[in-house]
1. Inspect all residues belonging to the range 121-133 and state whether any of them is modelled with pLDDT of 95 or more, surrounded by fewer than 15 Cβ atoms within 10 Å (Cβ to Cβ) and in contact with a helix residue (DSSP H, G or I) (Cβ under 8 Å, 6 or more places away or on another chain).
2. Pairs, please: C-beta under 7 Å, at least 6 apart or cross-chain, first residue in contact (Cβ under 8 Å) with a residue 24 or more places away in the chain and in the range 103-122, second basic (Lys, Arg) and surrounded by fewer than 22 Cβ atoms within 10 Å (Cβ to Cβ)?
3. Select from the range 26-58 the residues that are in contact with a helix residue (DSSP H, G or I) (Cβ under 9 Å, 6 or more places away or on another chain), more than 14 Å from Val76 (Cα to Cα), part of a loop (DSSP other than H, G, I, E, B) and not charged (D, E, K, R) and list them in ascending order.
4. What tally of residues in the range 1-15 results from selecting those that are over 15 Å from the mean Cα position of the chain (by Cα) and modelled with pLDDT of 95 or more?
5. Among (1) touching a Phe, Trp or Tyr at 6+ places or on another chain (Cβ under 8 Å); (2) closer than 24 Å to Ala21 by Cβ; (3) charged (D, E, K, R), which single condition is Arg120 missing?
6. In the list Val89, Val140, Val128, which residue meets the criterion of being β-branched (Val, Ile, Thr) and under 21 Å from Leu4 (Cα atoms)?
7. So how many residues does the range 88-110 have that are within 21 Å of Ile78 (Cα to Cα), hydrophobic (A, V, I, L, M, F, W, C) and part of a strand (DSSP E or B)?
8. Name, by its number, the condition in (1) touching a Pro at 6+ places or on another chain (Cβ under 6 Å); (2) of a type in the set (A, V, I, L, M, F, W, C); (3) surrounded by 14 or more Cβ atoms within 10 Å (Cβ to Cβ) that does not hold for Ala14.
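The values are calculated or read from the model by the stated rules, or taken from the named source; none is laboratory data. Remember, it's a predicted structure, so these values are computed and weren't measured experimentally. Every residue, glycine among them, receives a Cβ derived from its backbone with ideal geometry; neighbour counts consider all protein chains shown.
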Amino acid sequence: MPELMRLHVSHAPAVLAFELANRAYFAAAVPDRGDDFFARFTDRFDALLAEQEAGVCAFHVLVSDDGSVIGRFNLVDIEDGTAELGYRVAQHTAGRGVATATVREVCRLAEADHGLRTVRAATTDRNVASRKVLTGAGFVPVGPADPDRIGGEPGTWFERDLAALLPTSLPGPVEG
C-alpha cells in the first residue's frame, strides 16, 4: 500500500526519478519545469528541505511498496491559517483515485499538524483531471486564477474549508 511521507533528504533520488520519468506526462497538463530544474535539482531539493524546516512549507511524497515515488503533495506558503496545495502523481497511477484520496489526507494533516483552516489550489481550466481531484476532495471553485500564476492559461482557484473534513483513506495497492 502506498505510504504518504514527509519529504526527507533520502527521497532525493526517487523524487528526481519520478520527475524525469513523468516529465512529458506532466507537461501535457502543466507548464514544463524546464531543463534548468533538472540541471539544478540538488540545489532546488535542498532549498525545499530548508523551507520545510523553516515551517513555511510542508512537502510530502507518496511512496510505493518498492520505494519509488508515485506522487508529490505540497503545502506551500503556510501563513495565517492557510496554505496553497500543489500535487502531481505518476502517469501509471493516474485515474485510480490515488490523488483524490491523498489530497484528502494532506488536508487532514494540514489541519492536524499545521493548524490550517483553509487550503487553496489553482488549476488551469483545461486540466480536467486536476479539477476532478479537487472537487472529489471537497474543494469548491472560488474564482478565477491569475493566468501568470498557472502557466499563462485561464484557470480557477479552488478552496477547501478544513473545518468540514471528509473521511480519508488511501486506496489499496497500486499496480504498475
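1. Looking through the range 121-133, at least one residue is modelled with pLDDT of 95 or more, surrounded by fewer than 15 Cβ atoms within 10 Å (Cβ to Cβ) and in contact with a helix residue (DSSP H, G or I) (Cβ under 8 Å, 6 or more places away or on another chain).
2. Listed pairs, sorted by first residue: Ala122/Arg149.
3. Result: Ala29, Val30, Pro31.
4. So the count comes out to 7.
5. Unmet condition: (2).
6. Selected residue: Val89, the only one of Val89, Val140, Val128 that is β-branched (Val, Ile, Thr) and under 21 Å from Leu4 (Cα atoms).
7. 0
8. Answer for Ala14: the failing condition is (1).
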